[in-house]
There are 2 protein chains.
Amino acid sequence: MEKTIITIGRQFGAGGRELGKRLAETLDIPYYDKEIIESAAALSGLSKEYIAQNDEIVTNSFLYSLVMGTRTLTGQKTVEEIKMDAQREAIKEIAAKGSCVIIGRTADYTLKDEKPFRVFLSADEETRIQRVCGRDNLSEKDAMKKIHKMDKLRAAYYNEYADAAWGKADNYDLCINLSRITVEKAIDMIIMSVREPNCFRNI
Amino acid sequence: MEKTIITIGRQFGAGGRELGKRLAETLDIPYYDKEIIESAAALSGLSKEYIAQNDEIVTNSFLYSLVMGTRTLTGQKTVEEIKMDAQREAIKEIAAKGSCVIIGRTADYTLKDEKPFRVFLSADEETRIQRVCGRDNLSEKDAMKKIHKMDKLRAAYYNEYADAAWGKADNYDLCINLSRITVEKAIDMIIMSVREPNCFRNI
């Protein structure tokens, strides 16, 4: 397999982390999710805690920056800008090393010149509620609230930094709904896609 | 294979018709696209020409109906409503007969109780322009204009009648970008999806 970068966008609670890990294991390539936070911290000088707390959240509106005191009017970078620059640099360094699976953080957009294979994972609300209830020990009502909140944050973050629409089919190469398609089949589809043409029929 | 209804939404010029036909041939099941127009005409008493001319176009805004003289204020159905009712009935009759592939016309929404397998096909603008130039004998500029216009019409029509967002990934089971994924692979993915779990590894 040539160098292959697979980026995965995902709705909250759809199972993106599980699928991404298994995909990377199957292909025997590295997997990056929260690992990006550490690299971005090292590159920026900001604390891991700050970056983790503001992970995949957009906080750079002018008003927000003024209120939070993070905007300077002297042309210096805001903390948010330092965080985003470091994150982009971390993602580019990761991709430069070789094939990998990268979750979220607008990696598809940051790496657009490398033409990564761009996946988006969704699932029906019912499936996601069940997953989040079990995983985060929440009531169905609270799980639903969290899903809506997190999807809103991810969409706002993506739409701000990627200059494209989060979850819009034509922004990706393959979008899979994990309520109707098993994780195993989804992994097979992604592998089929990144391999040479028509390998499927020869497996 | 159990009864399987596959609905295909598609961007203009993405290659939905070609893929749909080949998918139906591969599965040896009927394919419906413009054939729906004839059934809707027969069911409604409206002419084939009228339905074809207004195929996948929303014309039922109150203002439009008033201007066009198609709205009655006496509680009778407008021509647009008669057309849409007949189209929905035609789609339900088609689905009742057995497995099939249905293109566009909000079939995914009309048949939602049957839980069809919902596909959406996209392609990058460049790919679509090339296809439309060749197929419709247009300049690149005119092909691009037509693509934008037709996508807008399809989105408006879908969003009006399906009460959902056209081309939004989580509204479908599988969204495939045909600029990066071959038609052959896309067909294989759809067949994998509608077959029993994990058949892929046993083919």
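The values are calculated or read from the model by the stated rules, or taken from the named source; none is laboratory data. Keep in mind that this is a model prediction, so the values were computed, not measured. Cβ: placed from backbone, ideal geometry, glycine included. Neighbour counts: every protein chain shown.
Quick notes on this structure:
- Selection over the range A:152-184 of residues that are in a loop (DSSP other than H, G, I, E, B) and of a type in the set (A, V, I, L, M) gives a count of 5.
- Matching residues in the range B:102-155 - criterion: being more than 14 Å from chain A (Cβ to nearest Cβ), of a type in the set (A, V, I, L, M, F, W, C) and free of Cβ contacts under 8 Å to residues at least 40 places away in the same chain: B:133, B:138, B:144
Table: residues versus (1) within 14 Å of chain B (Cβ to nearest Cβ); (2) over 15 Å from the mean Cα position of the chain (by Cα).
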| residue | (1), (2) |
| --- | --- |
| A:9 | yes, no |
| A:12 | yes, no |
| A:16 | yes, no |
| A:29 | no, yes |
| A:32 | no, no |
| A:35 | no, no |
| A:38 | no, yes |
| A:46 | no, yes |
| A:49 | no, yes |
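- For residue B:139: the one exception among (1) surrounded by fewer than 22 Cβ atoms within 10 Å (Cβ to Cβ); (2) at positive phi: (2)
- Scanning the range A:99-151 for residues that are part of a helix (DSSP H, G or I), under 13 Å from the mean Cα position of the chain (by Cα) and farther than 20 Å from residue A:40 by Cα yields A:150, A:151.
- Restricting the range A:156-168 to residues that are aromatic (Phe, Trp, Tyr) and within 14 Å of chain B (Cβ to nearest Cβ) leaves a set whose member that is surrounded by the most Cβ atoms within 10 Å (Cβ to Cβ) is A:158.
- Any hit, the range B:169-191, residues being of a type outside the set (Gly, Ala, Ser) and either at positive phi or away from chain A (no Cβ under 14 Å) (or both): no
- Selection of the range A:1-10 for residues being of a type in the set (S, T, N, Q) and surrounded by fewer than 22 Cβ atoms within 10 Å (Cβ to Cβ) yields only A:4.
- Residue in the range A:11-61 that is surrounded by the fewest Cβ atoms within 10 Å (Cβ to Cβ), counting only those that are β-branched (Val, Ile, Thr) and within 23 Å of residue A:165 (Cα to Cα): A:57
- Restricting the range B:148-184 to residues that are modelled with pLDDT under 95 and of a type in the set (Lys, Arg), the residue that is nearest to residue B:3 (Cα to Cα): B:154
- Residue count for the range B:100-131, restricted to those that are surrounded by fewer than 21 Cβ atoms within 10 Å (Cβ to Cβ) and β-branched (Val, Ile, Thr): 1.
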